[in-house]
Amino acid sequence: MTQSQKRKRRSSDESNFEGNTERRFFNFKEFRTEKDEKGIKNIVGHAAVFNIITDIGGWFREQVSPGAFTKTIKEDDIRALFNHEPNYILGRNKSKTLELQEDEVGLAIKIFPADTSYTRDLVISIERGDISQMSFSFNAIVTEWIVEKDKTDLRILKEVKLLDVSPVTFAAYEDADVALRSHTQWRESISRPPEFIRNTLLGKEIDLLEIG
């Protein structure tokens, strides 16, 4: 690795930020509906993709690591909503109307919507291509920040708590301020003396490494 590629890393436990909801979206060609053996149309696709670097408003870059959803899928009560609106619930993993799993692509989802007017309208909109994006709401639990020369800083999501997955009409990083707060605090920490770094804002030890 050349001098220009030298990087600084820091892993942190962000569980104290829990409750600060963030949202991310992805646009997939395979986001679609499919009929089951009874002829009922379900919604399938991916709500997140692994190891793809996404620009977050020009402030920083972000990447989701494989395994980021493993714990939350097993333990948490997660909904599928339309446009992240709790009045338009499409499915729920605890009621087995939402299936979530990590595959080689990312976070795969399958929604078994009830026969309601808004779900029928949504299915039609997906089939027409009017709605083609998925989004997920989450709390960051464990992240890693990386500095690379001549690039914006890279945030790696290593563990998250999923709140919901959602087909969306418009995709936006409207909640990126939560990540920006984390980024600002991290930037401040790496400019402080070692004593401060060892006693970071979360009370967790920071390992700041230079990869040569």
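So here's what we get for this one:
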item: FRET E, pair residue 101, residue 151, Förster distance 30 Å, beta-carbon r, rounded to 0.05; result: 0.40
item: Dipole magnitude of region 13-173, debye to nearest 20 (Cβ charges: Lys/Arg +1, Asp/Glu -1, about Cα centre); result: 380
item: Burial ordering of 53, 73, fewest other beta-carbon atoms within 10 Å first; result: 53, 73
item: Neighbourhood charge, 13 Å Cβ-Cβ cut-off, centred on residue 82 and excluding it, Lys, Arg +1 and Asp, Glu -1; result: -2
item: Debye log10 I(q)/I(0) for region 13-173, one point scatterer per Cα, at q = 0.16, 0.17 Å⁻¹; result: -0.89, -0.99
item: Computed lengthening from residue 54 to residue 37, 0.36 nm per intervening residue step minus Cα-Cα distance; result: 2.4 nm
item: Distance violations [Cα-Cα > 20 Å] among 38/110; 74/110; 71/158; 35/96; 71/96; 41/74; result: 41/74
item: Order of 138, 112 under a 10 Å beta carbon neighbour criterion, fewest first; result: 112, 138
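Every number in this text was worked out from the coordinates using simple rules, so none of it is lab data. Bear in mind that the values here come from a model prediction, so they are computed numbers and not experimental data. Ideal geometry is used to build each Cβ from the backbone, glycine not excepted, and the neighbour counts take in all protein chains shown.
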